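See below for the structure under consideration.
The values are calculated or read from the model by the stated rules, or taken from the named source; none is laboratory data. None of the values given here were measured: they were computed from a predicted structure. For neighbour counting, all protein chains shown are included, and Cβ atoms are generated from backbone atoms with ideal geometry for every residue, glycine included. We work out accessible area using only protein heavy atoms, side chains counted, and drop any ligands, DNA or RNA first. Shrake-Rupley method; radii C 1.70, N 1.55, O 1.52, S 1.80 Å.
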Amino acid sequence: MQIHRTDRQSQVSSSKLTAVNPAISVIANGAVGAAIAGALEAAGLTPRKLDAVPSEWIAGDLTIIALECATFGRLLELGRRLLALGQSALFVTCEGDSVVAGPVMVPRVSACFECRIRHGLDGNPEPAEQLARLAPVKTGGVADLAAGVLDATAQFVADAARELTRVDPERQMFTSAAILSRSARRHVTILPSGWCDSCPDGLERDGVIPRTALAEVAAALELEGFQAELAYSPGPALHPDRYRKVVIVGGGTAGYLAALFLRTRIPDLEVTLIESSKIPIISVGEATTPEMVRFLHAPALLGVDIVDFHRQVMPAFKLGIQFVWGEGTEGTFHYPFQYAPLGDPMVHEGRLDSQSVASLLMSADKAPFIDGGNGSVHSLLETVRFAYHLDNVRFVRFLQEEAERRGIRHIDTTIRTAVVTANGGEIDHLVTENGEVLRFDLYVDASGFRSILMEGALKSPFVSFAPSLFTDCAIVADEPHGGIVKPYTRAQALACGWCWTISFEGSDHIGYVYSSAFSSEEEALAEMRRAHPRMGPHRQVQFRSGRHEHFMQGNVVAIGNSYAFVEPLESTALHMVIHELQYLTNHFPLKTDVATKNRLNRKMNDMWDQLRWFLAIHYRFNRGLDTEFWRAARATADISGAEQRIALFRERAPLSDRPSLFYSVIPPDFFSGDHAFDTLLLGQRVPGRLGPARQSPAGWAGRAALRRKVVERALTQAQSLPLLRERESRLLRRFVESPTSWVHHWIAR
């Protein structure tokens, strides 16, 4: 739809509207309209009260339509008449036990009432027919509303009427409909529909309200375009050479995320997941990065309901990583997910801890929620970037239910063998434990370290990262935490590696990651018990760090551990699964594509190699412990792929204070950005020539004091988590629905 047309002269009215004295009419027939009129009068506004549009209409600043038990057909006709008069209008309708208000209709600028109705019919193959069927349906009345909704509606409308001359991020009245229910108010973005039959006949007027509306619509359009930039093209559609039947071999987190994302991003794929119920889910604590939050909840990605997710999976918030990388305070530093300039805290305080509110929340074991002082809670989720600590059993169970709901076929069996084609370059078919033959077009290997398709069947060579990353074993256990649910993953250096701590409401999950070349299992367990004397029963895990030569070979894609793995420092496993799936779906190849598959291999191999160098600097520059393992790491850990960036850091730190010399606009990944390298190098006190501070000492001290005051008023995780699940779920919904939330447009620097 074109907002401005050239076949009609724009009529200009000389508006004298002020913020406190708009000319408002209310067309109403019951208690809802009366309540709105009363709230307007209480706000110092004097509305003209009507029961219909008079034959002689004098255009005002806003007409509010609050008709109860009216047919949608009548409301649509009324909307068309107001459009033809060039009248801005706000429709308020009772629908079920809730009220829907808005958006404010400005002819030829914002969405009209028909646009609002068509928005609810999106995806319907016959929207015009559905619109006709809806015409005789009546809206509700005040008797249908839940307690408190009437008063909330009246106040919302009065507040909106007072703000007609400015763009209001809280209400977004020109670009969203407010849905007021018993528990909360939420907003649904509604822009003019390209299918609307009413909008083209609207009489365009100039003035304060239309210009305010135009500014808000412009911002919404730009945000819409930005979100589209972050969306993913699923590749060639309706091509005879496309993949149609896809199988994921292996369940677990990687397998189910792959199935869900393929099904969501490429809906015409037939997706099957094969796993065996004989193989139990490993009960571990899984730490993630903010990429998981965005992947799960952003509407452009999986769009998982965040409230349902929190109630079923019960995740804890993770604001970053706390490195206890040596003795005393000098050996401890934070790596928060929040981007912040790092030069100022180093110049003014000699430490990174005060760089951001997120970092100080980590220091205080607090969550990004402020106690309102009157029983209310203020959320910082939209601006403080966070990740999740996830219990693997609950998380996989949730993904299983989501996969069933989204129509993913599930086969419970064990694959006995994968039969390759005559040339050995592709999988021809699978044979199950019962001898059943299964054929698909594309095979996704999510079998974990076994890599039964990529390594086992197609013999893709393995590239070891052992020269950079020495650890190859882990001892895992649980430990009580005394009620302190830490908002970070802790990485504590021990004699032959490091120990993670991942906090949940019930207990901490801990794991000692060590090198078998420097310690036996018995020695590692004894050291772990000295560091964590209250730890419970343990188990041993072995792994190798490295990647296969191929991310995609023939008709096989390897996802997660079946393709690559690095030791769990920095919680990168699921982070990299997400990137693998995003690149795969964004560049989904045809069967005969060669260049696309080759480029996917190169891209993913480069990302994993970059991660190798980033992790290696954790070991190469740690001066905290003087043991055989750490001396060897400092002397020989291969960081050759990061040496140029480290050399530049020594000359002009921090690197992230200026445009990067290592990427053009968007860095290839969160862990390869200059800010990530700065954090690790400054935190480990690698010598570098610091540039000048951006702020004066007084300016920095004042801002640091404000950040600390915020943290003083913040709640703990133990207070916040049950509150969010039970009483303040609206804060979770606001995090996802707010157009300014980082979940929609975060790009790591």
inquiry  = Looking at segment 498-519, I want the residues that are within 15 Å of TRP630 (Cβ to Cβ) and have a partner that is hydroxyl-bearing (Ser, Thr, Tyr) and in a loop (DSSP other than H, G, I, E, B) with Cβ atoms under 9 Å, at least 6 apart or on another chain. Which pairs are those?
reply    = TRP498/THR471; VAL513/THR471; TYR514/THR471; SER515/THR471; PHE518/THR627
task = Find the residue count for segment 599-656, including only residues that are part of a helix (DSSP H, G or I), of a type in the set (Asp, Glu) and over 33 Å from the mean Cα position of the chain (by Cα).
result = 2
key: Unmet requirement for ARG118, which otherwise passes all of (1) part of a helix (DSSP H, G or I); (2) under 21 Å from PRO47 (Cβ atoms)   = (2)
task = Kindly list, by first and then second residue, each pair from a residue in segment 593-621 that is more than 28 Å from PRO687 (Cα to Cα) and buried (at least 18 other Cβ atoms within 10 Å of the Cβ) to a residue that is charged (D, E, K, R) and at pLDDT 95 or above, limited to pairs with Cβ atoms under 9 Å and residues at least 6 apart or on different chains.
result = MET604/ARG547; MET604/GLU580; ASN605/ARG547; ASN605/GLU549
query = Is it the case that LYS278 is modelled with pLDDT of 80 or more, closer than 30 Å to ILE502 by Cα and open to solvent by 30 Å² or more (accessible area, probe 1.4 Å)?
reply = yes
note = Inside segment 409-426, the number of residues satisfying the requirement of being surrounded by 18 or more Cβ atoms within 10 Å (Cβ to Cβ) and either part of a helix (DSSP H, G or I) or in contact with a Leu (Cβ under 6 Å, 6 or more places away or on another chain) (or both) is 2
query = Quick one: is ALA147 farther than 21 Å from MET105 by Cα and open to solvent by 50 Å² or more (accessible area, probe 1.4 Å)?
reply = yes
ask   = Out of GLY448, GLY435, GLY407, which single residue is over 19 Å from ASN561 (Cα atoms), under 29 Å from the mean Cα position of the chain (by Cα) and not aliphatic (A, V, I, L, M)?
value = GLY407
Any chance VAL444 is buried (at least 17 other Cβ atoms within 10 Å of the Cβ), β-branched (Val, Ile, Thr) and assigned to a helix (DSSP H, G or I) = no
key: Scan of segment 325-351 for residues that are out of contact with any Leu (no Cβ under 8 Å at 6 or more places or on another chain), open to solvent by less than 30 Å² (accessible area, probe 1.4 Å) and in contact (Cβ under 8 Å) with a residue 60 or more places away in the chain, ordered by number   = TRP325, GLY331, ASP344
inquiry  = For segment 256-279: of the residues being touching a helix residue (DSSP H, G or I) at 6+ places or on another chain (Cβ under 8 Å) and of a type in the set (Gly, Ala, Ser), which is nearest to THR413 (Cα to Cα)?
reply    = ALA259
remark   = Listed by range, strands (runs of 3 or more DSSP E) wholly within segment 465-560 having at least 1 residues that are open to solvent by 10 Å² or more (accessible area, probe 1.4 Å) are 473-479, 489-494, 497-503, 508-514, 539-542, 546-548
message = Can you list the helices (runs of 4 or more DSSP H) lying wholly within segment 670-727 that have 3 or more residues being over 30 Å from HIS579 (Cβ atoms) and at pLDDT 95 or above?
response = 717-726
message = Anything in segment 338-359 that is out of contact with any strand residue (DSSP E or B) (no Cβ under 8 Å at 6 or more places or on another chain) and either more than 13 Å from SER656 (Cα to Cα) or aromatic (Phe, Trp, Tyr) (or both)? List them, or say none.
response = TYR339, PRO345, HIS348, GLU349, GLY350, SER354, VAL357
message = Take the conditions open to solvent by less than 10 Å² (accessible area, probe 1.4 Å) and either among the aliphatic types (A, V, I, L, M) or out of contact with any Cys (no Cβ under 8 Å at 6 or more places or on another chain) (or both) and apply them to ALA298. Does it pass?
response = yes
task = Evaluate segment 559-569: report whether one residue or more is within 25 Å of the chain's Cα centre (by Cα) and farther than 29 Å from VAL476 by Cα.
result = no
note = For segment 622-638 the number of residues that are of a type in the set (A, V, I, L, M) and open to solvent by less than 10 Å² (accessible area, probe 1.4 Å) is 2
query = From the list ARG116, ARG171, ARG162, which one is at pLDDT 90 or above, closer than 20 Å to ILE36 by Cβ, among the charged types (D, E, K, R) and surrounded by 15 or more Cβ atoms within 10 Å (Cβ to Cβ)?
reply = ARG116
remark   = Note on segment 59-97: residues in a loop (DSSP other than H, G, I, E, B), within 37 Å of the chain's Cα centre (by Cα) and surrounded by fewer than 21 Cβ atoms within 10 Å (Cβ to Cβ) are GLY96, ASP97
remark   = All-but-one check, HIS744 against (1) at pLDDT 90 or above; (2) at negative phi, failing number (1)
key: Subset tally (residues that are without any contact (Cβ under 8 Å) to a residue 12 or more places away in the chain and hydrophobic (A, V, I, L, M, F, W, C)) for segment 47-79   = 1
ask   = Can you name the residue in segment 186-204 that is closer than 20 Å to ARG74 by Cβ and outside any loop (DSSP other than H, G, I, E, B) and is also most open to solvent (accessible area, probe 1.4 Å) among such residues?
value = ASP201
task = Return the only residue of GLY702, GLY641, GLY683 being out of contact with any Cys (no Cβ under 6 Å at 6 or more places or on another chain), open to solvent by 20 Å² or more (accessible area, probe 1.4 Å) and farther than 30 Å from ALA558 by Cα.
result = GLY702
request  = Among residues belonging to segment 252-299 that are among the charged types (D, E, K, R) and in contact (Cβ under 8 Å) with a residue 60 or more places away in the chain, point out the one that is nearest to ARG394 (Cα to Cα).
outcome  = GLU286
query = When you go through (1) in a helix (DSSP H, G or I); (2) open to solvent by 10 Å² or more (accessible area, probe 1.4 Å) one by one for GLY33, which number turns out not to apply?
reply = (2)
request  = Evaluate the following for THR253: is it over 30 Å from TYR488 (Cβ atoms), among the β-branched types (Val, Ile, Thr) and not in a loop (DSSP other than H, G, I, E, B)?
outcome  = no
